[in-house]
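A short worksheet on the structure shown next.
Every number in this text was worked out from the coordinates using simple rules, so none of it is lab data. The structure presented is a predicted model; accordingly, all values stated were derived computationally and were not measured. Please note: Cβ atoms are built from the backbone with ideal geometry, for glycine as well, and neighbour counts cover all protein chains shown.
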Amino acid sequence: MASGYDNNFEIVQTPRYVAIVQEQVHETRVIPIVSAKTKSSHVDKHVRQWLGDARGHWEGETLVVETTNFNEHTSFEGATKDMVLVEKWTRVANDKIDYRFTVSDPETWTAPWSAAIAWNKGGNGLRIRVP
């Protein structure tokens with residue numbers, strides 16, 4: 001998705017990991033892929049990270065990522081470190097990804113909430129590589 005200066009993403013996929021590189025801040029999320037049936041557990045609840053602890057699995061053609069264990073410095077719309085983020089990426093065309101997410105944090109909101117964003121390839125906006 002491209003919006004603004006240097007706000008480009010590159011998604012790189014291997015059988016065991018998906019990496020999402022954000023150009024603007026040079027941040028890379030490395031997401032382990034686990035079995036949808038076993039859903040490997042997250043790291044210990046006392047291990048807190050800026051980007052949280054993500055675990056992904058495939059539901060058909062959709063990559064589903066659940067992220068927990070954010071630290072107290074991470075802030076998203078007022079959420080606490082106990083926020084749970086569930087993201088879903090579905091490639092709907094060669095140049096388009098349907099991105100949806102649901103955020104929950106009972107300390108911040110009375111109910112989980114969701115949003116959807118179309119990621120469109122434009123210029124250098126979205127690069128998808130599958131080795």
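Structure above, values below:
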| quantity | calculated |
| --- | --- |
| Theoretical FRET efficiency, 1/(1+(r/R0)^6), r = Cβ-Cβ of residue 74 and residue 118, R0 25 Å, to 0.05 | 0.45 |
| 3J(HN,Hα) from dihedral phi, the range 70-76, Karplus parametrisation 6.51/-1.76/1.60, rounded to Hz, x for glycine, proline | 6, 9, 6, 8, 7, 9, 9 |
| Fully extended contour minus Cα-Cα distance, from residue 107 to residue 35, at 0.36 nm per residue | 22.9 nm |
| Kirkwood Rh and Cα Rg combined as Rg over Rh, evaluated for the range 62-117 | 1.05 |
| Net lengthening on full extension, residue 17/residue 45 (0.36 nm per residue, minus Cα-Cα) | 7.9 nm |
